[in-house]
Structures are given as C-alpha cells and as structure tokens.
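Below: one structure, written as structure tokens.
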Amino acid sequence: MRSLALTVAVFVLAGVSFGVQAKEVSKSNRSICTWGSGIAAGAQESKLSGISLYGARKKLQTRKFPQPWMRMTAMGITEQTYRSTSRLKPAAIKQTYYEQCIKHELARR
C-alpha cells in the first residue's frame, strides 16, 4: 500500500513538473512549433500520395511565407520528411513533430 502511494505521488509530481515546464515555452516558440508541424504533415501527405520531393519543393517555392527564414526551413523540414522511411499518417507526423519541437525548446533552456 505504501509503495502504491509513493508511485502515485511520483506520477503526480512528474505530471505537475511537466506542466510547469511546458508553460516556460513562449507563445512565439509554440507558434513556430505549430507551423513546423503543419509543414511536416503536409510533406508527409505529399510523400504518401506519390508526389516527388522535387514536386513538393516546387510547390513550396510558389508559396508565400510571412518571414524570409520560413521558406528555407520549410524546404529542410520537407526534405527530412521525404528522407524518412516513416509511413505514418500526416496527423501522427504533425503531433510527433510538435511534441519533439517543444521538447527541444525546453532542452535549450
């Protein structure tokens, strides 16, 4: 019984500490992670539908981006997505990318 209470306490504290850490990521960093996850999901969707990397890159070249750095970053995300052997659905890629991006931002601090 005592070990069960200790185990529950550890999980509660871990959950609370993760929640506190997650709040440390700024709103702008969260929006960048959201944007990047959308790019990764779109690239995965293109890959799974048979569009070549060349075609996906060409599509990105015609797209308008609000910031100058976004085009090259989107190209890099797309290339990494195409190099991956993953066959996950785009929604799963989007979620995974977002979670890993947030973890990366937390680790940078």
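The values are calculated or read from the model by the stated rules, or taken from the named source; none is laboratory data. Bear in mind that the values here come from a model prediction, so they are computed numbers and not experimental data. Backbone-built Cβ (ideal geometry, glycine too); neighbour counts: all protein chains shown.
Things to note:
Yes/no per residue for (1) touching a helix residue (DSSP H, G or I) at 6+ places or on another chain (Cβ under 8 Å); (2) assigned to a helix (DSSP H, G or I); (3) closer than 24 Å to residue 99 by Cα:
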| position | (1), (2), (3) |
| --- | --- |
| 35 | yes, yes, yes |
| 42 | yes, yes, yes |
| 61 | yes, yes, no |
| 69 | no, yes, yes |
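- When restricted to residues that are within 21 Å of residue 26 (Cβ to Cβ) and not in a helix (DSSP H, G or I), segment 78-109 contains 1.
- Cβ-Cβ distances below 8 Å connect the following pairs, each with a first residue in segment 63-83 that is at pLDDT 95 or above, a second residue that is loosely packed, with under 11 Cβ neighbours inside 10 Å and among the polar types (S, T, N, Q), and a separation of six or more residues or different chains: 71/61.
- Reported count of residues in segment 92-109, each being surrounded by 14 or more Cβ atoms within 10 Å (Cβ to Cβ) and closer than 24 Å to residue 49 by Cα, is 6.
- Within segment 24-81, the set of residues being over 17 Å from residue 94 (Cβ atoms) and basic (Lys, Arg) comprises 27, 57, 58, 59, 63, 64, 71.
- Within segment 54-91, the residues that satisfy the criterion of being aliphatic (A, V, I, L, M) and surrounded by 13 or more Cβ atoms within 10 Å (Cβ to Cβ) are 56, 60, 70, 74, 75, 77, 88.
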